[in-house]
Amino acid sequence: MKTLSGIRAAGAAMVLGGVAATAQAAWQPGLVGGKVSGAFNVTDYPAETEIYLCPHAATNNSTAAGGVWHNCDNTTWVYTGQVYLASTTTFAESIDDSVRLLVGGTQVLNNSAWNTPTYGTFTPPAPGWYSFELRMGNGSGGAGPVAGNGWTTTKGFGMAAGAITSNQGGDYEIPIEPGDLSLFRYDDGLGFDDTLRITGSPKISTVSPDYGTYYGYAAGQQATLSAPAVWTNDAQNMAATCIGWILYDTDGNHITSGAGNSLTYVHPDPAAGRRLEWQWKIEYKVTVDSAGNGTAAAASEWVERGKSATLSAQPDSGYVFTGWTGDVTSSSATITLALTTPLSVTANFTATTDYYVDAVNGSDSNDGSLATPFKTLERANALAADWTTIHIVSATCPVAATIQLTNAVVITGLGAGQTAITGPGFSGRGLHLNNDFAIVEKLLVTGFTNANNVGTVLLAKGTMRDCRISRNGTLMGRNMLACGVQITGGTLLRCTLDHNKPVSDYGYTLGTGLYMSGGTVEDCDIFGNSCDRNQIKGTALYISGGTLAGCRIVGNPHVNTDQIFGAVHMTGGTVENCLIATNGINGVYMENGTLRNCLVRGHGAGSASTSVEAFAGVCMLNSSVVINCTITGNVLSNDTTGCSGLRMKGGRAVNNIVWGNGPDSAVLGSTYLTDGIFNTNLVDVAAAIGTGNIVADPRFVRRAAGNYRLVSASPAVNAGDNGVWDGFVEPVDLDGNARIHRKIVDLGCYECHVGGGLIIQLR
């Protein structure tokens, strides 16, 4: 017996008996063998394999160290390949414990009787090569060939010509491939020169010939190949359109392609293996139903696989949307998701109860109707069950205690500038949303001064939208959370957080306008929040988790310059597609987290204490990630230890533009890089670390006017690394345009769409 270790990779030479096999032939002598777990495993195939000229587990029963069956309790040996048969052949075995043999897909042996020899016969339809799969299993104890009835401890499997009705080992010979491809062979994966393999991307529908590998093609031989133009599954919720085909060689190199669903294939001369791949566009049906009084629809009934489907629900008057059920569960009335399967959902609507609050003309002894409203929000909320809408119809609505929304209740006003919830300075927050379906909308929340290290609004679940949270404060305590909104979950949407400010001068303030540890903040304006305390982590916001997207963070100043960490302070979470500008102090301080597709500009910082990194634009530490941002026009003065643009002491920065920051000196320039990964960025001075960086003028459209989009001739166009966007479905830039407009992503926060595409001005 002779063994060869390791199946070679495509393109490598297999050496057998000192002679190198030709690279053109896919078939090599021997069987592929290896072990899988299980006393008699008939389904799995080994991950680690070797090449054997015969089934070696049938020629050695040794369980000693170095033996074939050593440490092989609950193990099955598997041998696969092809066997050449010219006529009827009988196979026999005497193996402890179990054996199964498949030849040409036919079961010839299947024996799990302990120490009992068996035999089986296979008659080939014609002389030729037939698939061969032999499995020998052992539970525990003794293993391998069993002596007796003419069998020996070195002979547990054999073959004989003809239909033999014998279980005597002496009637059979051990099958050994002599090395000339006359008995056993395996496919080494190189491809066979007379083969045509038909595949699909994906493998869909029925094609002609069917998917599979076909042998025997001679040079110049023709064949007609075809696929259905359109295919629909039985459920009528999946459709496939054939968009063409691609022909490859056996190494995967592109040969030619076509757009039709049929072709006349001609095998190459000289003969060489080929693979034809049918190309399909898959579309899934989106089925939307409604339960209750309301309407629901999908933006498109059919959506291409991987593309986004948008569903929207609108309740009728007197009803409320209570969520999606079916293949998707969500409480959001509008949802967008990438399709990987057909989608069937139901929008559910429930009748709502309406209460009215009029702080001027109402009375808490009333029934809360429009004609006889309540006086206080507290009374309305105490009586509100699920699916109740509370309408505040007065211009102001004072509250004397925190409004806890633990039910599916909607509180709505006339508008953020028309209806105000005001606080008298009690110890506690104004609003606490803690239900997935709770909604607060169209209100101004103002005049709260909290004394327990809490934000004016706590958003744990639910949605706060189209509101303004303005001129609130915190009074005492160390590590005081936001004067405005504290969000741990739920959604803050289209809100304004402005002119919130701590009152006391003790300890840290964590995010004057916003403290965020979870949830989603989207399309909000955060401005005018300030702090004159010595220690502040985020005059605008502090984020440790969740996602903040599409927001404008502008003009959040700080009076002192001692231990100033930044207008935005990040210890985690994601800030993306945001304008962060002219905050009068440092821009973004990142201990961790991801900053993506953001414009950071116009920050001017004085000197900082020695305990805080000196910077103006962005400072990133630890595992921070900055991707496709533009950092420009930031200036650090009166400090010789920092930098104006990007200060990097860890993390990863890719596809950014860091240019035009601060005084042009070695210390106070755009970048100060000491550690981390800094690759594929555009800078104005050669980067100290990293690869693939460009030193050039990015050529903004109009820098002086604050337009940092790219002209078409910018060196930042088509200069980025697409890999940072792997896994994103239809990503967009800061303008909301396609993030990868051409084949390669641009650098910075804007993708150049000059000459085509929509330019959306950021408000």
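Number of residues in segment 288-304 that are buried (at least 17 other Cβ atoms within 10 Å of the Cβ) and either within 25 Å of the chain's Cα centre (by Cα) or assigned by TED's automatic domain parsing to the domain that holds Q236 (or both): the value is 2. For T199, the test of being outside any strand (DSSP E or B) and either surrounded by fewer than 21 Cβ atoms within 10 Å (Cβ to Cβ) or among the small types (G, A, S) (or both) is failed. Checked against the criteria, A351 counts as surrounded by fewer than 19 Cβ atoms within 10 Å (Cβ to Cβ) and either closer than 21 Å to I390 by Cβ or touching a strand residue (DSSP E or B) at 6+ places or on another chain (Cβ under 6 Å) (or both).
Residues of segment 27-79 being polar (S, T, N, Q), under 39 Å from the mean Cα position of the chain (by Cα), in a strand (DSSP E or B) and buried (at least 17 other Cβ atoms within 10 Å of the Cβ), which ones? Passing the criteria: T75, T76. Scoring V695 on the criteria (1) touching a strand residue (DSSP E or B) at 6+ places or on another chain (Cβ under 9 Å); (2) buried (at least 17 other Cβ atoms within 10 Å of the Cβ) leaves a single failure, condition (2). Checking each residue in segment 142-158 for being touching a residue at least 40 places away in the same chain (Cβ under 8 Å) and either touching a strand residue (DSSP E or B) at 6+ places or on another chain (Cβ under 8 Å) or closer than 23 Å to G34 by Cα (or both) picks out G142, A143, G144, P145, V146, W151, T153, T154, K155, G156, F157, G158.
Return yes when V701 is β-branched (V, I, T), in contact (Cβ under 8 Å) with a residue 24 or more places away in the chain, farther than 13 Å from T630 by Cα and not in a loop (DSSP other than H, G, I, E, B) and no when it is not. No. Which one of these does D73 not meet: (1) modelled with pLDDT under 90; (2) within 27 Å of G150 (Cα to Cα)? Going through (1) modelled with pLDDT under 90; (2) within 27 Å of G150 (Cα to Cα) one by one, D73 breaks only (1).
Could you tell me whether segment 334-344 includes any residue that is under 22 Å from A438 (Cα atoms) and in contact with a Pro (Cβ under 9 Å, 6 or more places away or on another chain)? Among the residues of segment 334-344, not one is under 22 Å from A438 (Cα atoms) and in contact with a Pro (Cβ under 9 Å, 6 or more places away or on another chain), which makes the answer no.
Just one of (1) of a type outside the set (S, T, N, Q); (2) over 29 Å from W302 (Cα atoms); (3) at pLDDT below 95 fails for L247. It is (3). Output the strands (runs of 3 or more DSSP E) that fall wholly within segment 348-462 and possess 1 or more residues being under 35 Å from the mean Cα position of the chain (by Cα), or say none. Output list reads 403-405, 409-412, 431-433, 439-441, 457-459.
Evaluating T346 against the criteria (1) without any contact (Cβ under 8 Å) to a residue 40 or more places away in the chain; (2) in contact with an Asp or Glu (Cβ under 6 Å, 6 or more places away or on another chain) leaves one unmet condition, (1). Annotation note: Cβ proximity below 6 Å between a residue of segment 642-653 that is assigned by TED's automatic domain parsing to the domain that holds S623 and a residue that is surrounded by fewer than 21 Cβ atoms within 10 Å (Cβ to Cβ) and basic (K, R) (sequence gap 6+ or interchain) occurs for no pair.
Does Y750 satisfy the criteria of being aromatic (F, W, Y), within 26 Å of the chain's Cα centre (by Cα) and at pLDDT 95 or above? First the steps, then the outcome.
Working: aromatic (F, W, Y): yes; within 26 Å of the chain's Cα centre (by Cα): yes; at pLDDT 95 or above: yes.
Answer is yes for this residue.
Of all residues in segment 520-533, those being buried (at least 18 other Cβ atoms within 10 Å of the Cβ) and more than 19 Å from R468 (Cβ to Cβ) number 2. Of everything listed in (1) charged (D, E, K, R); (2) outside any loop (DSSP other than H, G, I, E, B); (3) free of Cβ contacts under 8 Å to residues at least 40 places away in the same chain, the single unmet condition for K743 is (2).
Remark: pairs (first residue in segment 407-420, surrounded by 23 or more Cβ atoms within 10 Å (Cβ to Cβ); second residue hydroxyl-bearing (S, T, Y); Cβ separation under 6 Å; 6+ apart in sequence or on different chains) = V409/T388; G413/T419.
Filter segment 416-436 for residues that are touching an Asp or Glu at 6+ places or on another chain (Cβ under 9 Å) and at pLDDT 90 or above and give the result. Please lay out each step first, then the result.
Kept after step one, since they are touching an Asp or Glu at 6+ places or on another chain (Cβ under 9 Å), are these residues of segment 416-436: 416, 435.
Once the filter is applied, which keeps residues that are touching an Asp or Glu at 6+ places or on another chain (Cβ under 9 Å) and at pLDDT 90 or above, segment 416-436 yields only N435.
Residue-by-condition table, conditions (1) farther than 29 Å from I51 by Cα; (2) in contact with a Cys (Cβ under 6 Å, 6 or more places away or on another chain):
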| site | (1), (2) |
| --- | --- |
| G156 | no, no |
| N167 | no, no |
| P175 | no, yes |
| F184 | no, no |
| T195 | no, no |
| P202 | yes, no |
| T206 | yes, no |
| Q222 | yes, no |
| A227 | yes, yes |
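What is the number of the single condition among (1) exposed (fewer than 15 other Cβ atoms within 10 Å of the Cβ); (2) of a type outside the set (D, E, K, R); (3) at pLDDT below 95 that S331 does not meet? Unmet condition: (1).
Applying the selection to segment 717-740, what residues are in a loop (DSSP other than H, G, I, E, B) and of a type in the set (A, V, I, L, M)? Before the answer, list the steps.
Just the residues of segment 717-740 that are in a loop (DSSP other than H, G, I, E, B), to begin with: 717-721, 726-731, 733-737, 739-740.
Those that are in a loop (DSSP other than H, G, I, E, B) and of a type in the set (A, V, I, L, M): V717, A719, V729, L734, I740.
Within segment 632-649, restricting attention to residues that are touching a Phe, Trp or Tyr at 6+ places or on another chain (Cβ under 8 Å) and of a type in the set (A, V, I, L, M), the residue that is modelled with the lowest pLDDT is L636. From the list Y248, Y284, Y265, the lone residue that is assigned to a strand (DSSP E or B), more than 20 Å from T195 (Cβ to Cβ) and among the hydroxyl-bearing types (S, T, Y) is Y284.
The values are calculated or read from the model by the stated rules, or taken from the named source; none is laboratory data. The shown structure was predicted, so the numbers you read here are calculated from the model rather than taken from an experiment. Every residue, glycine as well, gets a Cβ built from its backbone with ideal geometry; the counts of neighbours run over all protein chains shown.
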